[in-house]
Each structure stands twice: as C-alpha cells, then as structure tokens.
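Note sheet for the following structure.
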Amino acid sequence: MLIAGIETSCDDTSVALFESESRTILVNETFSQSSIHSKFGGVVPEVASRNHLLKLPPLFKNSLEIAGVSVKDIDLIAVTSAPGLIGALLVGTSFAKGLAFILDKPVFPTHHLAGHILSAELTNLALKPPYTALVASGGHTHIYKVSEPLKFELMGRTVDDAAGETFDKAAKALGGSYPGGPFIESAAAGGDYQKVRLPIAMRNSPNFSFSGLKTAVLNEVSKNIFGIEDIAASLQYTIAETLSEKVLRTAKENGDSRVVMAGGVAANSAVRWRLSALAAEAGITVYYPEIKLCGDNAAMIAYAAYRLIGSKDLSLYKRLDFKAGDTMHEIPV
Ligand code: KG4
Ligand code: ZN
C-alpha cells in the first residue's frame, strides 16, 4: 500500500510517500520555515499557515517526482489533524481532503503524537510494546505507558512549558537563533555544565515544570557572570537530567525494560547520551527514531496511519466529514 503523509501542524511543511509492505520511506521532504520565524524569535501561527499554503502543493508535486510515482498510485492519504496550530492544521487537512475527493481515496486524520512515538518503531522495526515513551518537542513533554500496541496511557506531562520550548526561549535570551535546541547544543559544546547551577522542578513527580528553569536562565543572563557557553551547557545538562530521571523512574514503576524517546529534543546528542547512560545503569534500553525522524516530518504520520489502521477496511476512511482537531485514534494529552 502506498501512503502519502502530510504534516503541517507547526512550522514544518512535510510530505512523505511510504510503501507499507516493504516498510520503505520512498520520500520524506520537509520545508522548514525556521528561518522565516527566526526573526520573530518563535513561530507566528498566521505566518506558518500562509507558508504551508505556499509550500505544500509544490512540495507534494516534487515528492511524487522524486519517488517516481503517479498521484493515482496513492492508496491512502494520512494527514496530521491534531494537535497543533489550528490554522496550520487547516491547510494540511484541507489539502488532504481535496486530494482524497479528487482521487476517490481514503484519508486518515492522524494524531501527531502517535507519529512521534511510532517513529521509534519505524526506525527499530523489532521494537514492540510494552515500553514507556517520552515525547519531548516544542509543544509537548509527555510520558506515556504503552503497554500494548497503540494503547497510550498518559503518565506525566509538563504543567507549563515544553522541553523544546525551554530550549527555544533560553536561546532567545542568550542571543541565539530559532529553533533554540540546535543553537544551545552547539553553544554547550564549548561550555562547562558544572559552573552554573540551574534548578530541577517537581523532582519527585512524573510531571514536568520548565518555566522556573527558563526564569533561572534569564536571571543568569542578566547577572552577566557566566558566558553563553556555560549557561547553555548547564541548561542542556539540566534538561537532559530532568527528562532522564522522570522517564526512567516512570519506566521502573511501569515494570518496563524499554524506553522510547521521540520528538525534536530527541535529536540532541547530549540528551541521548545522558538518557542512554542512566538507563543502562538501570538495565533499561532506550530506543530513538533516527535523527531525521525526530523533528516534525510526514513519514512518521504515514507510518502512524498505517499502524493505527491495522487490518481495518480502508473504505471506512472514505469520508471527508472530519475537522482539523479530530483524529481517528485518541491519545490523552
Ligand atoms: O518535534 P518538533 O520538530 O516539533 C514539535 O512537535 O514541536 O520539535 C521542535 C523542538 C524545538 O523546540 C527545537 O528547539 C527542539 O525540538 N530541538 C532540539 C534540537 N533540535 C530540535 N532541542 C534540543 N537539541 C536539539 N538538537
Ligand atoms: Zn512534533
């Protein structure tokens, strides 16, 4: 089955073509709007929607050409329909519905977080639940117990900012570009994480709070004692420690010997290194998506739709009466 994936939930416009029998990503093309939003210091929702509208059609056409397939070969359209910026979701879902109507093909409104979590299974095809999953991105920092395939039970979440958002806001305070994660990661490489002490909030809870950490970084910047590199190194270390401690403790409580970490922050090598090292001490193995599947992309959406549909009859999805915000598989957030 050839699945076209469409992702427009935030500031990445992405199209993928995924062949399900061979589990092959034929193409996964992403137009990142980060340089457009960079001058605003973060994502501006209306600007994101307008750029999805501009970029999605040519990206789709180009993806077909790269994969060497005809639009008529598509068996299913998978589109991110929630959660995300509503205007951005409207562009992707409208495009997907138009395509489904013209081609008379099914369309599956797909949950973005299922895409992130299942991207670890797409990278590690032998990986199966049970496992404990951490999604750390610009919009989410959520821990799930995945006790059986496609059953996602919320165990912990941020009560304020997300981990990626904290990287983004701290980078802005340190004079860096958007998105902040890659900026902090490269600045941190030249710093000493032990010089600046930053707080870990709600230490004994499975929930996260990052807003105090953001304020502590702002305070360090205004004190002007330490350099950007040292503050960046300490921030990265503190976030790595926070994420690792909480997901590993939750995994132990769940009785899981496997942990999945996904989302844009999973691209951070210091976070991966720290989580995998602490997990190894606890006899836990951590699985990540390959780096190019960590951030928002349409291949994870095509794969998630394939998994969420399972053996159900595709004709069930030949309906266009869903809204941006509706999904076929609810995941608590
Ligand atoms: O998953 P994603 O692409 O989009 C959302 O669903 O939000 O995640 C984007 C987030 C941004 O906050 C970005 O700063 C962060 O992931 N990120 C990173 C790195 N690369 C992206 N954070 C830390 N280190 C990185 N290397
Ligand atoms: Zn995402």
> Picking from ASP321, ASP168, ASP296, which is most flexible by a Gaussian network model of the chain using Cα springs under 10 Å?
Replying inline: ASP321
>> Distance cut-off 27 Å, Cα to Cα: go down the list LYS246/LYS323; LYS246/LYS312; LYS39/LYS214; LYS128/LYS169 and report the pairs above it.
In response: LYS246/LYS323; LYS246/LYS312; LYS128/LYS169
> Comparing LYS172, LYS151, LYS97, which has the greatest mean-square fluctuation in the GNM of the chain with Cα pairs linked when under 10 Å apart?
Replying inline: LYS151
>> Between 0 and 90 degrees, rounded to the nearest ten: what's the tilt of helix 86-103 against the longest Cα principal axis of the chain?
In response: 20
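Can you compute the equivalent ellipsoid semi-axes for the range 1-111, i.e. the square root of 5 times each eigenvalue of the Cα gyration tensor, sorted largest first and rounded to whole Å?
So the equivalent ellipsoid measures 24, 15, 12 Å along its semi-axes.
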>> Using Cα-Cα distances under 8 Å and only pairs 6 or more residues apart, what relative contact order does the range 125-293 have, in percent?
In response: 25
> Rounded to the nearest 5, what % of the DSSP beta bridges within the chain are antiparallel ones?
Replying inline: 60
>> Among ALA16, LEU85, PRO149, whose Cα projects farthest towards the positive end of the dipole of the range 5-152, with charges put on the beta-carbon of Lys, Arg (+1) and Asp, Glu (-1)?
In response: LEU85
>> If the only charges are +1 at each Lys and Arg Cβ and -1 at each Asp and Glu Cβ, what is the size of the charge dipole of the range 125-293 around the Cα centre, to the nearest 20 debye?
In response: 200
> Taking only C-alpha pairs under 8 Å that are 6+ residues apart, what is the relative contact order of the chain in percent?
Replying inline: 24
> Antiparallel as a % of all DSSP beta bridges within the range 125-293, to the nearest 5?
Replying inline: 55
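Relative contact order (percent) for the range 228-328, with alpha-carbon contacts under 8 angstrom and 6 or more residues of separation?
Contact order relative to length: 25 percent.
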> Which whole number of Å³ per residue matches the convex hull of the alpha-carbon atoms in the range 157-238?
Replying inline: 78
> Given a cut-off of 30 Å, what percent of all Cα-Cα pairs of the range 125-293 lie beyond it?
Replying inline: 14
> Dipole of the chain, Cα-centred, from +1 at each Lys and Arg C-beta and -1 at each Asp and Glu C-beta, to the nearest 20 debye?
Replying inline: 280
> Rounded, prolate or oblate: which fits the range 237-330, taking a ≥ b ≥ c as square roots of the Cα gyration tensor eigenvalues, rounded meaning a/c under 1.5, else prolate when a/b beats b/c?
Replying inline: prolate
> What do the square roots of 5 times the Cα gyration tensor eigenvalues come to for the chain, in whole Å, largest first, as semi-axes of the equivalent ellipsoid?
Replying inline: 34, 23, 16
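Values in this text are rule-based calculations from the coordinates and carry no lab data. Values in this document were obtained by computation on a predicted structure and should not be read as measured data. Cβ: placed from backbone, ideal geometry, glycine included. Neighbour counts: every protein chain shown.
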